[in-house]
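Take a look at the structure set out below.
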Amino acid sequence: MRMDLSHTLSSSISALAKLQEKNGIFIHKSSLDSENFTSAHTLKTTFSTSIITLALLSAQKHKTSAGYKKIVSRGQQFLLNEKSLHGSFNYWSRNSSEATTTPYPDDLDDTFAALAALTLSSHEKNNGTLLALAVKILTTCEVAPGGPYRTWLISKDAPSTWQDIDVAVNANIGYFLSLEGISVPGINTLIEESISSKNIRSPYYPSLLQPAYFIARWYTGNSKKLITAIYNEQKKGQWKNPLETAIAVSSLIRLGASPTTLTQHIEFIQKSQKNNIWKAYGFCFDPTKKGAPYYHGSPALTTALCIEALALYEEACIQQTHNKKSEEEKHTYIKISNAVVKLFLARIKRTPEAYTVLRPITKELQGTGKIEQITLVSEIFKKSLGKNATHISDSLILELGCANLAGWTAYTMYDNILDKEGDVGHIPAANVCLRQTTQIYDSLLSSQWKKYIHSILDTIEEANSWEYTHCQFSLTTPHETLPKYKNDTILAEKSIGHATGPLVLLAHLHKNPSSSLVSATYEFFTHFIIAKQLNDDAHDWISDLERGFINSASVPLLATWQSYKKDRPEDTKAFLNELQEIFWKETIHSISAKIVYHTKKAQKALKKNTLITNPEPLLALLTPLERAARTAVQESNRTRTFIDTYSS
């Protein structure tokens, strides 16, 4: 069995690079026979280069392979040069002889295949320009608002032959829009109806597999019928040729098929190559000659599609293994979290009135994702210690989880009561929780460590007091003095209780509170908590202002608004709308920069801790925060560029 996919992919990418012209185009061949291109003539189109570039971008795990970057960058530059001033593309390359001898109007199939390739490129992704141009193009070809769309960029009074609505073309439009996070009802309906009626065919393509391939790149509907349609194209358990096998495999993997069901087809694809290149087969139709259909294909196109299928299969196999491990880890985490809750309730049960209050609160918390964040921080830290955690018992992890859950519950109840959202009668229950926290820590620590942990608990109290004193706000008061968040450390101080469990683990590893390992751990959690709180505040600033609280995101926002010296609108909704505009134009950039800064500082702190031999569990806490911050900035920039381009 030939399953050395990495070697095959690397060699094939290198071979594919040699088939590309210096200007980035992949010249294709046009043949009367879809299986034989030996006597075919060559043509220059944009379509082959778009499809090849998109296929290769599906193999990004192999971007270090020789030739990969050259193929993508040259292909994208070629496409940029082919783009009209309005953002549309033609089937023919602009400088080809066919563009003069056999002219066609620009069309949406070639346009959105090219725009998708450019959107996925590094220098065009998310800048908003392409989307604005695309929206303008779509409005000229829409059958109804929201689609579907006609194929050709031509006047509405053109003959009916130029007014077709094609499922494959609309699938390519849908794919581009999905890259921008947009779903269009008219396209979705067309695709659904085509699948349900088993009419997934296009006059521009020789089989059902090509439209299915375009649909599968983004479709999230009823995949079973589409999967069945793809398998129905087989004869004796095989698709027609390596090209059709490749696009069928890519489609099935994207639709959720298990990679283990596709192994024989992957082996067939591998066996079909010669010197790391696959031969040409018909992918779509070229213009007819004397009424005879011609097929569009090339070794480069088949090779790129086979590379894509192999890469997707390889990734699906890795993901399948990862998912199995993740499920096992998730099961372990749930088991530990449930044990922590059970221990917490058992402790609280000694105080019946508190138990009556806390049991429903805890059960409700178990139905959210927060419970794992609260109960598992010590377990996650233990995992990061690797072999250094050998002598840390499971019972200690449960005790520390219980202490953190009790502390979090207490301070959450206090917050709710201070915000007039909680029941004052619950204060005794909150006190019971806080007492449980201190009792657990005191029972586990030496006097030196008790003093250190108690100083952390004092820090939490001071931070809560500061917040209550300085962060009250009224949307109806004309002038407000804004709180100063002193380099945002106050954000960490309020929630630094999450670090106490990991710090107690260091105590049980016989580390001194003044140890550099302890300070590195404290530093990691400080920066992690700041980044997390900034992220939360960036999402919650409107609801916080509405309930009379000014958070770390609304402070710089209101400072910017004040600098404009504008009169505050009497209408609260109008005021919030003004603030939202400023937030997405300006404030989000500074907040996102802070989040990235603190995630980087947390990573550096992690490196200082020589006890950490398996940093991945802790790094996993930082990755989504940094990703969200960078995405928010990209979205802000993209929106601004979109508005500027669309209104020009």
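The values are calculated or read from the model by the stated rules, or taken from the named source; none is laboratory data. Just so it is clear, the structure is predicted and the values come from calculations on it, not from any experiment. Ideal geometry is used to build each Cβ from the backbone, glycine not excepted, and the neighbour counts take in all protein chains shown. Ligands, DNA and RNA are stripped out before the accessible areas are found, and what is left, the full protein with its side chains, is counted by its heavy atoms. Shrake-Rupley method; radii C 1.70, N 1.55, O 1.52, S 1.80 Å.
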Task: Translational D in µm²/s for the range 381-430 (Stokes-Einstein at 25 °C, 0.890 mPa s, Kirkwood Rh from C-alpha pairs) - done: 190 µm²/s
Open item on the list: Given a 1.4 angstrom probe, I'd like the percentage of the accessible area of the range 41-133 that is carbon and sulfur, rounded to a whole number.
Closed with: 51 percent
- [ ] Run through all the Cα pairs of the range 508-648 and give the fraction in each 10 Å bin from 0, expressed as whole percent.
- [x] 11, 32, 27, 17, 9, 3, 0
Open item on the list: I want the local charge near GLU461. Using Cβ-Cβ distances under 12 Å, sum +1 for each Lys or Arg and -1 for each Asp or Glu among the other residues.
Closed with: -3
TODO: Report, in debye and to the nearest 20, how large the dipole of the range 62-220 comes out about its Cα centre when Lys and Arg carry +1 and Asp and Glu carry -1 on their Cβ.
DONE: 620 debye
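Please report, as a whole percent, how much of the solvent-accessible surface of the range 300-401 comes from carbon and sulfur atoms (probe radius 1.4 Å).
55 percent
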Open item on the list: Accessible area per residue for the range 276-348 in Å², computed with a 1.4 Å probe and the full protein assembly in place, what is it?
Closed with: 46 Å²
Open item on the list: Please compute the per residue accessible area over the range 395-499 with all protein chains in place, 1.4 Å probe, rounded to a whole number of Å².
Closed with: 48 Å²
Task: Within the accessible area of the range 414-548 (1.4 Å probe), percent carbon and sulfur - done: 50 percent
Task: Dipole axis of the range 64-222 (+1 Lys, Arg; -1 Asp, Glu on Cβ), positive-most option in SER197, GLY128, GLY186 - done: GLY128
Task: Lysine pairs meeting the criterion (Cα under 20 Å, 8 or more apart or interchain), as found in the range 529-593 - done: 4
Task: DSSP-assigned coil residues among trypsin sites (Lys or Arg not before Pro) in the range 323-371, each with at most 13 further Cβ atoms within 10 Å - done: LYS349, ARG350
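Nearest 20 debye, what's the magnitude of the dipole of the range 20-78 about its Cα centre given +1 on Lys and Arg Cβ and -1 on Asp and Glu Cβ?
Values: 8 positive and 3 negative charges, 88 e Å.
That gives the range 20-78 a dipole magnitude of about 420 debye.
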Task: Gyration tensor (alpha-carbon) shape descriptor, the range 367-458, a/c threshold 1.5 - done: oblate
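Rounded to the nearest whole Å², what accessible area per residue is found for the range 133-228 with the 1.4 Å probe?
That works out to 42 Å² per residue.
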TODO: May I ask which residue of GLY401, GLY297, LEU385 lies farthest towards the positive end of the charge dipole of the range 261-408, with charges of +1 (Lys, Arg) and -1 (Asp, Glu) on Cβ and the Cα centre as origin?
DONE: GLY401
Open item on the list: Considering just Cα atoms, how many Å³ per residue does the convex hull of the range 454-584 enclose?
Closed with: 108 Å³
Task: Cross-link pairs LYS70/LYS240; LYS383/LYS594; LYS61/LYS608; LYS236/LYS271 - those with Cα-Cα distance over 22 Å - done: LYS70/LYS240; LYS383/LYS594; LYS61/LYS608
Task: Neighbour net charge for LYS70 - beta-carbon separation under 12 angstrom, K R +1, D E -1 - done: +4
Open item on the list: Quick check: net charge around LEU545, other residues with Cβ under 14 Å of its Cβ, Lys/Arg +1 and Asp/Glu -1?
Closed with: -4
Task: Dipole magnitude of the chain about its Cα centre (Cβ charges: Lys, Arg +1; Asp, Glu -1), debye to nearest 20 - done: 2020 debye
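Averaging over every viewing direction, what projected area does the convex hull of the Cα atoms of the range 391-511 cover, in nm²?
On the way: hull surface 36.3 nm².
Result: a mean projected hull area of 9.1 nm².
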- [ ] Name the residue farthest towards the positive end of the dipole of the range 314-395 from the options LEU343, ILE374, CYS317, assuming +1 on Cβ of Lys and Arg, -1 on Cβ of Asp and Glu, about the Cα centre.
- [x] LEU343
Task: Surface accessible to a 1.4 Å probe, ASP394 within the full protein complex, Å² - done: 110 Å²
